Each structure stands twice: as C-alpha cells, then as structure tokens.
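Step one of this worksheet: look at the structure below.
Only the coordinates and a few stated rules stand behind these numbers; no lab work does. Worth saying up front: this structure is predicted, and the values here are computed from it rather than measured. As a convention, Cβ positions derive from the backbone with ideal geometry for all residues, glycine included, and neighbour counts pool all protein chains shown.
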Amino acid sequence: MISRREFLSLAAAFSAIAVLPAGSFAANKAKVVVIGGGVGGSTFAKYLRRKAPDVDITIIEQNPIYIRPYGSSEVLTGHIDMSDLEVNYDALRNKYDVNVVIDRAIGLDANRQIIKTASGTEYAYDRLVVSPGIELNYEKVEGYSKELAETKAPSGWIPGPQTSLLRDQIQNMRQGGTMLIVAPPNPYRCPPGPYERGALVAEWMQKHNPTGKVIITDPKNKFTAGSNFLLGWNRLYGYNIPMEFMDGMPDDVVEHSTPGMIDWIPGKDGGTPLSFDASNMSVETEGGKIEADVINIVPPMKAGKIAQQFGLTNELGWCPVDRVTFESQKIANVHVLGDASIADAMPKSGFAANTQAKVAAYAIAHLLAGETPEQNPAFENTCYALAGSDYGFFVSAVYELREGKIAKREAPGLQDLNATQAQRRLSAVYQQAWMKSFTEDSFA
Amino acid sequence: MKKVMILSALLLSTSAFADERAEIMANNCTGCHGTDGVVEDSALISIAGLNAEIFIETMKNFQSNERSSTIMHNVALALSDEEIAAMAKYFEALPKGEEK
Amino acid sequence: MKTLILSSLLVAATTSYASEQVSEVTEWTSHSLRLATSSRPAGDITRGKELNDSMMCSSCHGKEGLPPTNRWPAVAGQLESYTYKMLLDYQSGARNEDNRANIMTAVADLMSEQDMSDIAAYYASLTAPTLAQQSAPALVTKGDKDRLITACASCHGLSGQGGIKGTPAIAGQTAETLKRALEMYRSGDRDSDLYSVMRQASQRLTNSEIDTLANYYSGTN
C-alpha cells in the first residue's frame, strides 16, 4: 500500500502521465464526483465518506469559500456581517478526505462518464452528483436584468455583492422611504425568506427609520407559515390581518387604525409584478405602479445553470429524479440533489438538501457496492423563521415515499398560532442554534 | 408499571426494523442535534447516548404536550412508535461526546 | 482538533440576538447583591408553579423541579435566594457562559421580579434530592491548604444542602451538570459568582478532581 503522497511523487517521476485525473489515484477505487459544494454537495460528500471509506470523492466548486444563503437577510440589518456567512471546506478536506477542487465544470461526457472543467482537467466518475442550487431568472421580470440587480435593484437571493448593495441601500435610505420586495412565484428557494426579510427590515426601521415602510408585492395568495407571519406583523409592525386569514387567530389580534410599517399585496389584490422600471425606480403590478426608494426583486428561479447545460432539466427548468437514489431520470449514473431537483412536497431549503443528501449518500454507497439501496427512505425539513429578532416560529415535516413520490406525512407542520410568548422567544433562540447545527452537520 | 411495559414492548418491536432505516431516520435528527447526535455549545442538546426508554418517553411526552416544546411536538407526532423506538435504540448506542 | 474546526467554521451562527441586547453588565458586590435580594418581593408558590409551566421552565427542569434527562440541572429544593439571583443574572446577561445560556436569557427576559420570586418560591417548596451516605473526599471536608482551596463543605455543606454564604444546594445534581458548572467556572466563561469564589477555587482543580467532586455531590461515587 503506498500513500497518496508517495504515489504523487512516483507519478511526477514518471511524467509520462500528462493529465492526472484527480479521481484516479487508485484505479480500482470507485469514483464519485460532486459538482457544487453547497449544503447538498457537501453533506453528500461527508455522509458518503462515513459510509464508504474507500471511495474516491471529489467536489468541484467554483468558489473557495461557501457563502451560505440561509440567514443572509440578517446582513441587511447589520446583525451579522458578510464574512459571517462564510463557511470553509477545511473539515471536508482534512477530516473526510474529500478532494475539494476550486474549478468550474464545463462539459459532461455521459457515455465515457467524464466531467471536463474550465482548467482543462478531466474527471472520470462512476457516479456523478450535481448539486448546483438555483439560477435566478432575472429576465422573467420585464425590465429587470442581472446587470440592474448588480447596480440598481439587487435581488440578494444568492448572497454576495448584491447582498451588500441591498444592505447599503436600506441603511442609507431617506427617512420615511419605502422598500419594495417583489416576492417570486412558486417554486423557489427558501419559501419563508422574502417575508422574513421584510419583517427584519421593518424591525430595523423601527429603530433607524421609524417613518419608513416595507411593501411586499406578491404573485401568490398565500405563503409558507403565512398565518404566523401575519400574526407576528400584526403584533410587531401594526399590520392589519386580512379577513380570510383571521380563522384560528388568537384573541389579542388588534385592528390598527393607521397603516402599519409592513404591507403585503397578494396576487388577488393586484400584487402580481409585471415589469420593473429602473429609470424612475418603480414596479408595475396588476394593481398599479408602486414607486419605492429601495427595490428588492426576488425573480423566478430554475435549477442551477450547469444542470440545464448538461440536459438534466425538464421544460420547467427543474431536474426530475428517482426519489430513492436521486438519480436523474434524464441521464444514467448522474444524480441531482437539493434545490435543483424535483422533490415533490419538499421545499427548496438548505435543511431539505441536507436530508436528501444523506439519503442519496447511503443509496449511492449501496449502488457502488452492487447492492440495492433502502427502498423506503424518510426525509425531514425543519425551517425556523423570524418575524422579529425575538419572535420566532417554524415549519417542520417528515416526508416519505408514496407511489414513487415524496409526500408529507400528516402531522401539524407549523407553530401553533396560540403559542405562548415564551415559545416564540425560544423559537427565535433555536432559529440561531438550528442554523449553526445544520451548517456543522453539512460541512464540519 | 404499565408505562414501563409499553416501553419495553416498543423496544422489542424494533428487531424487525432494518438497521439502516433506523440510521436514515436518525439522520433526520442530526441536522439539529448534531452529526451522530452530538452538538457542541448550542441551545440544542446532544442526544447521543441518551437512555432509550427516556428517549421514547420524552417523544411520547412531546406528542401529548405533557412536556411542552417548540418544534418537537410536531416532529414527534410525525413519527411512528416503531420509528421512535428504532431511533431511541440507535442513539442510545452512540458515544456521548464531551458533555459541555 | 474538532473544536478548532468548528470554531473556525462558523462565526456567524454563534452570534445570538439575545446576547446582543445585553447592556453593560456590572459584577455583583456583596452590597449590590444584598440590595437586590432584600428588595425581592415575597414569592407566591402557587403562581410559581403555574409560571413553571407557562414559561416552559418545566420542559427542561421538570414539573416537580426534577429534569427528565441529565442534560439539565435539578431545581427542586433549590434555595429561594439562589434561584432568584440566577434568574436576575440570566436576565441581565451576567450569566451567559455559552449558547445554552441563551435559552435562559430569552425566558428570564420575559419575567418580572415578582415572576422570578414566585418561581424561586415554588422550587424552594419542593423536596431537594438527597445524597446517600458516602465517604467524602478530602477536598470536600478539608480542602487543600497548600493550593488555597477552601473545603467545598464549608459553603455547600457535607451533604450539599448549600445555604451558607448564599451558596446553592448541589446535592443530587447529575454528575454532568456539576462537571459542566465547575468547568465553566474554571474557564471563566461562567463569571457571575460573587468575588470570583468559584472561579478561583475551580482554577486550582485538576480534571480528575472535578470528576471526583462531581461524582461525590451527585451521589454517583
């Protein structure tokens, strides 16, 4: 048995090997290549290593540091900094012996089972896992573009410079100004996200811009944990709950005589966005034109670009997969995880990607060993959300396979609207703990 | 006494439950309670090494709200007795990690 | 190694909203502590029992003050003054030794002084766990003069009943709870003890001495 280092130096001595595929240190080892080092790809690599000590695992990721999207709205209010979103790959490399290469996959040869990268390297695989996250369809909103998102009306849905720009715009907004959030149609990454963002900005405004206002315009008529949000907004920001949402609301709901700091315009009330006008900073909706000082457009989404390039997507832009192994229904030996995959009842969340990745890791470990995977897996999603920094709630569900699709088990899925103040306070504490825990479970 | 008998009946019934399925179910907990049930410096607690009967009783108490909770009431209600027992057995066998 | 990786991994998520709101915390002096505890409103046991449930204390510490698992300390039979001081410490942020403390800070922040006193009275009304007869280690009975360690029993009592110089009852806590407390004092992360008494004493203890003491007062010797 020779060590990796010895083999490398041997290989260097016999420089006849021109290109050394990173996954081929030992020719008899099975090779798994993962494209994308987000929650899905990283959790997958970690849990596959735990199950399959001898498999060669390579992650191809464009960025040397992962910037987590979940919790990134906390940057907007200054609760955390951009650098606090950074997660490194040290543990994957050092503890789980995963070869994390910073490169970009550009080509797939599905017949020869080879991935080509921008640097000109080829990686052979027995199983390929594609976990590319989302691509934002900026152009689906008329008048909007990637360029405008980077300069004028940031989306900030994939954290990065747009997040910092949005933070600066919010914090420098004139007193009494308006922030407009354009919520996306289903399905999209982080279903409670736009509403949590609106709430956190409203809370920030209470301190720093008390006459400011947040408007959320929405093509949808309801959203995840909607009742919990509306109740929280009523209690914290003077929002008046529409009649159709009053069912089951606790007795302390107040009818406010003045408009609140936050407003939500559902599709049925004209909230559906039609176009963005950068020159006079306004959004045309079915209900009319809304002008704002800061415009945050969360555009429609589809599977990450690489999934489209490789032909893994359907006509709607998402990737159909087998729900036991997450193997693509389009290309054999290629699997798709996380936001990009079609996971039926499961939301597109980091936590969902984390549990999908574990199921897929176990299934692929069996497939590589020539065995049959467990045919009856179960998944979970847990998302905590905030209506204010001391006001938390959650969605939770266990999922199982029913007739080849992922279905939600019957059980209560939301925090009770009659939850006590202590429960909401604690949910806000757990929201922070949950982000730390599941980041560690995915990357450390 | 009755409670004890129910608990041991649940523990026995896990033998039919495939080990890997128990592990897959348990992996759904570790996103919050840490890889292998160990989480460090957190408002969430480690569950590795927890006595299986206490684990089962705790989940039953979460289901009935005998023990108040935030999310665990919902999570516990979404799991079958057989699954809870299998997860209890799985976590009980895991090393505790460093108590902090 | 593991701790290193974890701590370098995530700065972000360890930030807590709760700790952010804590203003300047001043250390207790015997005078300020006496003032705070002497102005404590009289506790109502019945109301304390209700608060124990409605504030979710009972979820971790038990309906009768005995925790369902060894992850949390017992509070049954705890001295009224000590429970009250701990709640004040959590509320002010004086006690914020780790991320677990965020739970207590969040809940204590919702409490009035009357609430805290009622809860303290309820716990004091419950029967404290007791220790079985066992031979006490020398550190408990004599301390260690050479290392300036006071005998534990001189403040906490031989049977861990506490109550001397404002000390808590510690008898029958789980060994994990006692060990965690001593380690947190030793590292200085827990620092709301009057005149650093516990911080100083614990700094002179070895790991195995901490185990011995935790085992003795938990009754698992």
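Out of C:A171, C:A151, C:A181, C:A201, report the one residue that is touching a Ser or Thr at 6+ places or on another chain (Cβ under 8 Å) and assigned to a helix (DSSP H, G or I). Among C:A171, C:A151, C:A181, C:A201, only C:A201 is touching a Ser or Thr at 6+ places or on another chain (Cβ under 8 Å) and assigned to a helix (DSSP H, G or I). Do we find that A:T439 is closer than 30 Å to C:A108 by Cβ and within 14 Å of chain C (Cβ to nearest Cβ) in this structure? It is true that A:T439 is closer than 30 Å to C:A108 by Cβ and within 14 Å of chain C (Cβ to nearest Cβ). The residues of region A:262-309 that are part of a strand (DSSP E or B) and hydrophobic (A, V, I, L, M, F, W, C), listed by number, are A:I262, A:W264, A:I265, A:L274, A:F276, A:V283, A:I290, A:V294, A:I295, A:I297, A:M301, A:A303. Among helices (runs of 4 or more DSSP H) entirely within region C:20-126, having at least 2 residues that are surrounded by fewer than 20 Cβ atoms within 10 Å (Cβ to Cβ) and without any contact (Cβ under 8 Å) to a residue 40 or more places away in the chain singles out C:30-38, C:45-54. Among the residues of region C:157-200, those that are away from every other protein chain (no Cβ under 12 Å), more than 13 Å from C:R95 (Cβ to Cβ) and touching a residue at least 60 places away in the same chain (Cβ under 8 Å) comprise C:G162, C:G163, C:G166, C:T167, C:A169, C:G172, C:Q173, C:Y195. Is one or more of the residues making up region A:412-434 over 21 Å from the mean Cα position of the chain (by Cα), surrounded by fewer than 23 Cβ atoms within 10 Å (Cβ to Cβ) and away from chain C (no Cβ under 14 Å)? The answer is yes, given that some residue of region A:412-434 is over 21 Å from the mean Cα position of the chain (by Cα), surrounded by fewer than 23 Cβ atoms within 10 Å (Cβ to Cβ) and away from chain C (no Cβ under 14 Å). Per this entry, B:E40 is not counted among residues that are part of a helix (DSSP H, G or I), at the interface with chain A (Cβ under 9 Å from one of its Cβ atoms) and touching a residue at least 12 places away in the same chain (Cβ under 8 Å). Is there a residue in region A:261-276 that is of a type in the set (S, T, Y) and either touching a Leu at 6+ places or on another chain (Cβ under 6 Å) or surrounded by fewer than 22 Cβ atoms within 10 Å (Cβ to Cβ) (or both)? Yes; the residues of region A:261-276 include at least one that is of a type in the set (S, T, Y) and either touching a Leu at 6+ places or on another chain (Cβ under 6 Å) or surrounded by fewer than 22 Cβ atoms within 10 Å (Cβ to Cβ) (or both). Here A:P219, A:P210 are screened, and the one residue that is more than 22 Å from A:Q431 (Cβ to Cβ) and either β-branched (V, I, T) or under 25 Å from the mean Cα position of the chain (by Cα) (or both) is A:P219. Among the residues of region B:43-77, those identified as among the polar types (S, T, N, Q) and within 12 Å of chain A (Cβ to nearest Cβ) are B:S46, B:Q63, B:N65, B:S68, B:S69, B:T70, B:N74. Every residue in region A:363-379 that is within 11 Å of another protein chain (Cβ to nearest Cβ) and crowded, with 24+ Cβ neighbours inside 10 Å, please. Correct list: A:A363, A:P377, A:F379.
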